[in-house]
1. Scaled to the compact-protein estimate 2.2 N^0.38 Å, what is the alpha-carbon radius of gyration of region 27-144, rounded to two decimal places?
2. At 1.002 mPa s and 20 °C, plugging the Kirkwood radius over alpha-carbon pairs of region 25-87 into Stokes-Einstein gives what diffusion coefficient in µm²/s?
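No value in this document is a laboratory result; all are computed from the given coordinates. All of these numbers come straight from a predicted model, not from anything done at the bench.
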């Protein structure tokens with residue numbers, strides 16, 4: 001089974017009609033210091049009918065969350081110029097009520113520790129995505145968050 005992040009195509013999402021924002025289009029914020037990961041997530045999310053913005057550091061990401069109130073935040077816990085814990089604390093301070101999807105190439109123990117910190121800050125965290133992840137894992141995160149729109153992902 002292929003375990004790369006670039007070449008797989010996600011299957012169509014089942015229709016559910018669940019969209020939470022005023023425009024009827026789900027929105028995600030991606031926080032990852034790797035530009036290639038941000039582009040991959042943005043492209044995959046767009047193919048799934050989810051609009052998104054991506055950020056490589058905490059401050060602009062938290063500002064985007066406060067302004068846009070996304071339904072899901074994809075957060076890499078190993079940010080080079082920012083601390084993911086600061087992002088988690090900031091989300092808690094802003095009373096963010098959406099879903100946080102942690103991602104990392106680090107150890108499972110580290111992911112679990114960050115997940116516990118997020119839970120202490122009142123955040124709703126999905127099971128972490130271990131890098132490298134398959135594009136299908138992004139689809140599963142969106143379906144699990146109830147943000148499926150019935151659109152087919154385009155990742156090429």
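1. Output field value: 0.93.
2. 187
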